[in-house]
Amino acid sequence: MRYFWNFNIVFAQINLLLDGLLLGFLLALASLMIGMALGLFMALAAISKHPLLRGIARFYVTLLRNTPLLVLIFIAYFGLPDLHIRLGKSESFIFALSLYAGAYMTEVFRAGLEAIPTGILEAGQAIGLTPLQIFWNIQLPIMFKNVLPSLGNYLISLFKDTSLAASITIPELTYNAKKINTLTFRVFEVWLITAALYVIACYLMAFILRRIERRFAIQ
Amino acid sequence: MEDSLLRIRRLGKWFGSLKVFEGVDLDVNAGEVVSIIGASGSGKTTLLRCINLLETFQAGSILLDGNPVGYHEENSKRKRFPERIIARQRLLTGMVFQQFNLFPHMTALGNVSLGLRKVKKLPRAEAEKEASRWLERVGLGDRTHSRPSQLSGGQQQRVAIARAIAMNPKILLFDEPTSALDPELVGEVLNVIKQLAADGATMLIVTHEMRFAYEVSDKVVFMDNGKIASMGTPTEIFEERKSDRLKEFLSTFNN
Ligand SMILES: Nc1ncnc2c1ncn2[C@@H]1O[C@H](COP(=O)(O)OP(=O)(O)OP(=O)(O)O)[C@@H](O)[C@H]1O
Ligand SMILES: [Mg+2]
């Protein structure tokens, strides 16, 4: 049996795919940002002296890390309207992905904060800095330097996760690929090009992030 | 004496049920250099940390410049000052740590100027000018833009000294400032401390460098067995060696 390849018919629609790719990246970036803010608060709760705060952080991380992302997406998209919370498709997806990313960020930030030797914080105390000043001027910058590689890797991972947005018909790369597939029936071509686009985008992101990391390491 | 800068009375410190020391009395007058010697685990570091309020203490009092720090009496109950006040009280003391503890993400200049900017509220330019003045004083005028990772141990410790003294504390506390250094780097740090002593700084120095303690100190304190076991002039401590425990301790050093 012979398969007649026809990539041209797919390439004619490449703009649709590239638009989807960009949307996926933006969804990942927005979720990472919100997830980082959430993760920072939860990480502080996780290392705080108050058992209640620590409990909340542990509960959040356990819950979110053990729920499949697709289920979270469905809860946000189909469930929230029942609570009279009406979000657009993209907003509800970002809501789910941020919560999911936040749990991971909590762990990353907690480890990054705990890796700072206590002596360095005591040196801050010794020159009269208040706890808040120590947090802003010492803990936060050292932590970000510690976790920068994990942040970069996780952005790439979230970007791949945005393909799940196709399940609630958000026009990102996977969804648009499916649409072209339905129109053209060029199954192999569509999905091979889609996979290639994901690979190239991830590779480029990794490349750029590594340069940024090196920049920070030298400083 | 009424005018002692640091006055410690009946100080007691426990870690849970482990007693570190009890009934410690110590006075340091303005301009004096006092060294603390003693075996490992005798509580020297813990004593400095109590003075700098990095450690809680369960009994006794510490007065700096006549005022109690760390704890005060309220309705005849002992209460720890709130953290904001403790942070302010810490400014009376400067601490130099055994492991330097420089801020790794900042240059030498950043390390020394941070406190001047954030605590003393100096504008950045002024803080940096002041900081480079102190870095010059410790012989690092040419390394102001180096990061700690680009400096030798001796240089890092000198930055740490500049960082402490830039805050203009009443008394400088040193916890074995040369113990983490390669032997060939010890001298440069001790010389800086000697220079500060000559300039009239008040200092309390925990050290295992007996010759240095002998040369630089006005008073030497020997800690042993959870208390101050002997106290005296360097001659009294190192030459007269009045107690057996002191003799035994000093005999482990070859000088
Ligand atoms: N955070 C802590 N928790 C419990 N015990 C502690 C703590 N810090 C110190 N100790 C104990 O207190 C005692 C005194 O310790 P400290 O570090 O003050 O001794 P040191 O005289 O400085 O010794 P070295 O010469 O080794 O530095 C030791 O028995 C030590 O194990
Ligand atoms: Mg010690």
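Straight-line cross-link partners of residue A:160 among the lysines, defined as a Cα under 22 Å from its Cα and at least 8 positions apart when in the same chain: A:89, A:178, A:179. The phi torsions of the range B:142-149, fed into the Karplus equation with coefficients 6.51, -1.76 and 1.60 and a -60° offset, translate into couplings of 9, 10, 4, 9, 7, 8, x, 5 Hz, rounded to whole numbers, with Gly and Pro shown as x.
Residues within the reach of a label modelled at residue A:135 (point 7 angstrom out along Cα to beta-carbon, backbone nitrogen below 13 Å), restricted to the range A:24-65, are A:40-50. Any lysines with Cα under 25 Å of the residue B:194 Cα? List them, leaving off those in the same chain fewer than 8 positions away. Straight-distance partners of residue B:194: B:44, B:129, B:170, B:219.
For chain A, the calculated P(r) over all alpha carbon pairs, in 5 Å bins from 0 to the bin holding the longest distance, is 1, 7, 12, 14, 15, 14, 12, 9, 6, 4, 3, 2, 1, 0, 0, 0 percent. Distance between the 7 Å Cα→Cβ label points at residue B:243 and residue A:150: 4.9 nm.
Neighbouring Cβ atoms from other chains, within 10 Å of the Cβ of residues in B:118-126, number 2 on average.
Mind listing the long-range amide H neighbours of residue B:229? Cut-off is under 5 Å, sequence gap 5 or more, other chains count too, H placed in the peptide plane at 1.01 Å from N. Here the answer is B:222, B:223, B:224, since their amide H atoms fall under 5 Å of that of residue B:229. Which shape class, rounded, prolate or oblate, goes with the range B:81-138 when its Cα gyration tensor gives a ≥ b ≥ c as root eigenvalues, a/c under 1.5 marks rounded, and past that a/b bigger than b/c marks prolate? Oblate is the answer for the range B:81-138, as a/c is 1.5 or above yet b/c matches or exceeds a/b.
Assign one of three labels to chain B, namely rounded, prolate or oblate, based on the Cα gyration tensor with a ≥ b ≥ c the square roots of its eigenvalues; rounded applies when a/c is under 1.5, prolate when it is not and a/b is larger than b/c, and oblate otherwise. In terms of gyration-tensor shape, oblate.
A cut-off of 5 Å between modelled amide H atoms, ignoring neighbours fewer than 5 places along the same chain, links residue B:96 with B:173, B:174, B:175.
Mean Kyte-Doolittle of at least -1.0 and a Cα length of 30 Å or more along the axis: which whole DSSP H helices of chain A meet both? In chain A, the long hydrophobic H runs are A:14-46, A:89-114, A:187-218. The mean number of partner chain beta-carbon atoms within 10 angstrom of a residue's beta-carbon across peptide B:93-102 is 4. Per residue of peptide A:113-125, the mean number of Cβ atoms on other chains within 10 Å of the residue Cβ is 5. Evaluated over the Cα positions of the protein assembly as shown, the convex hull gives a direction-averaged projected area, one quarter of its surface, of 32.9 nm².
What shape does the range B:1-108 have by the C-alpha gyration tensor, where a ≥ b ≥ c are the square roots of the eigenvalues, rounded means a/c under 1.5, and otherwise prolate means a/b greater than b/c and oblate the rest? It comes out rounded by the Cα gyration axes.
Would you please give the FRET efficiency between residue A:71 and residue A:206, computed as 1/(1 + (r/R0)^6) with r the Cβ-Cβ distance and R0 = 30 Å, to the nearest 0.05? Efficiency at R0 = 30 Å is approximately 0.55. Measuring from a point 7 Å past the Cα of residue B:67 along Cα-to-C-beta, which residues in the range B:136-177 have an amide N at less than 18 Å? Counting backbone N atoms under 18 Å from the label point, the list is B:167-172. Taken about its Cα centre, the protein assembly as shown carries a charge dipole of roughly 1440 debye when the Cβ of each Lys and Arg holds +1 and the Cβ of each Asp and Glu holds -1.
Helices meeting the span-like rule in chain B (full DSSP H runs, Cα extent of at least 18 Å along the helix axis, mean Kyte-Doolittle score of -0.5 or higher): B:153-166, B:183-198. Under a 5 Å amide H cut-off, with hydrogens placed 1.01 Å from N, residue B:33 pairs with B:203, B:218, B:219 among residues at least 5 apart or on other chains.
Of the residues B:155, B:98, B:58, the one that moves most in a GNM of chain B with alpha-carbon contacts below 10 Å is B:58.
Bear in mind these aren't lab numbers, they're just calculated from the coordinates by the rules spelled out. Since the structure is predicted, the reported quantities are computational estimates derived from the model, not experimental observations. All Cβ positions, glycine included, derive from the backbone under ideal geometry; neighbour counts span all protein chains shown.
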